[in-house]
Amino acid sequence: MRRPLAVVAMSGGVDSSVAAALLLREGYHVEGVSLRLWDSPRRDDRVCSDHRDAAGVAKALGIEHTEIDRREAFERSVVAPFVAEYARGRTPNPCVACNGDFKLGVLVDWALRRGADFVATGHYARLRPAAAGLRLCSARDSARDQSYFLFSLRREQLSKTRFPLGDWTKDDVRRHAAALGLPVASKPDSQDLCFGDPASLVRSRGLGGTPGMIVDEGGNVLGRHGGVESFTIGQRRGMRIAAGAPLYVRSLDAGGSRVVVGPRSPRALGVVACGWTWTGEPAGRAERLTAQVRYRHRPVEASVVMQSEDRARVDFEEPVIAATPGQAVVLYHGETVVGGGWITAALGAGDRE
């Protein structure tokens, strides 16, 4: 009798390695696959995907491992849009775009062509039965929950995806990896973008690098800078200007090469977002929604006003720090991801009237 085939997206980290081991223990025929997306210049870069370590884990587990070269597609779908947005003074999150539709879209298509039953990843998220198939939910370990990154998955992709670590804690995962003798049991978590420093990447593409002024909210010049791509909304350190109190980046004007700073981190009472993906029903009628505007930010209670089929205003019940154009806003109903969209504008008190 044929054993169900599980294709595991293996990044070379401890999480995906343990996910593969758990499925083996459950009796699945497991194959590992790694996407080669970007070539890091240093072997010890702490990035989220390392096909070399993934191959070593697959060998230790005794499973087949395949590497798929998707560097050109990654450049077109993730890197180039990121560079263009960053050069405009926006703060996009390439990991959201990459983790969701790009990586899992590629892997699900590839796995189904091989006759696989599903694709599994090491993400900390859960799937629960729902009337329309499966619903995406936050992980049991709230400190590690990664459902924010996955909001763009379509229902048909969710139906072919599994998250074996959804009920695990990170400490348990590391202990299990050590007990199995996996070579990545103590490997540090990834922390950096796989393509390195964003400002350097932007300048390497012939964009940015335009000198300009750092000004306060009254237009007074406080200093100079070498390009707005070196700053992000809410940034407090690294401005190299003398001030009697901390200053925060309030806004960026790429066209005028101006960085506007002020004494408080920017706070928004709402956002406008477009490019929505709904994993549940559109959120206008749902009760007690919460919204999250960045990974590891605390979700806040929110309400939603649909302005068109693909545009919505999300109003927060309390001010939110660093709700920045280019980031994603993800909506939850309890533990369930309702949907998410890409922030185009942050709103103040007057904008909500």
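The values are calculated or read from the model by the stated rules, or taken from the named source; none is laboratory data. All of these numbers come straight from a predicted model, not from anything done at the bench. Reconstructed Cβ throughout: ideal geometry from the backbone, glycine too, with neighbour counts over all protein chains shown. Surface areas here come from the heavy atoms of the whole protein model, side chains and all, with no ligands, DNA or RNA. Shrake-Rupley method; radii C 1.70, N 1.55, O 1.52, S 1.80 Å.
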Note the angle between two axes, namely the Cα long axis of helix 170-180 and the longest principal axis of the Cα atoms of the chain, as a number of degrees from 0 to 90, rounded to the nearest 10. 30
Relative to the Cα centre, what is the charge dipole magnitude of the chain, using +1 at the beta carbon of each Lys and Arg, -1 at the beta carbon of each Asp and Glu, and rounding to the nearest 20 debye? 380
Computed over the chain: longest principal axis from alpha-carbon atoms vs helix 51-61 long axis, angle to nearest 10 degrees, is 30
Could you tell me the accessible area of TRP38 in Å² (1.4 Å probe, neighbours in place), rounded to the nearest ten? 80
Might you work out the accessible area of ILE214 for me, using a 1.4 Å probe with all protein chains in place, and round it to the nearest 10 Å²? 0
Set of lysines with alpha-carbon distance to LYS160 below 19 Å, sequence-local pairs under 8 removed: LYS103
Determine the sum of side-chain charges near LEU112: Lys and Arg each +1, Asp and Glu each -1, restricted to other residues whose C-beta is under 11 angstrom from that of LEU112. 0
Determine the per residue accessible area of the chain with all protein chains present and a 1.4 angstrom probe, expressed in square angstrom. 47
What nm value, rounded to one decimal, do you get for the distance between ASP69 and ARG2 when each label is placed 7 Å out toward the C-beta? 3.1
With contacts defined as alpha carbon pairs under 8 Å and 6 or more residues apart, what's the relative contact order of the stretch 36-176 in percent? 20
If you take every residue apart from LYS170 with its C-beta less than 9 Å away from the C-beta of LYS170, what net charge results, scoring Lys and Arg +1 and Asp and Glu -1? -3
In percent, what relative contact order does the stretch 198-353 have, based on Cα pairs under 8 Å that are 6 or more apart in sequence? 21
Residue by residue through the stretch 317-322, what is 3J(HN,Hα) from phi via Karplus (6.51 cos²θ - 1.76 cosθ + 1.60, θ = phi - 60°)? Round to whole Hz and write x for glycine and proline. 7, 8, x, 10, 7, 6
Charges only on Cβ, +1 for Lys and Arg, -1 for Asp and Glu: so what's the dipole of the stretch 90-144 about the Cα centre, in debye to the nearest 20? 140
The chain, relative contact order [Cα under 8 Å, separation at least 6], %: 16
May I ask for the net charge around LEU136, where only other residues with Cβ less than 10 Å from the Cβ of LEU136 are counted and Lys, Arg are +1 while Asp, Glu are -1? +3
Cβ-placed point charges (K, R +1; D, E -1), dipole of the stretch 119-228 about Cα centre in debye, nearest 20: 540
Quantify, in whole percent, the carbon and sulfur part of the accessible surface of the chain (1.4 Å probe; protein heavy atoms only). 48
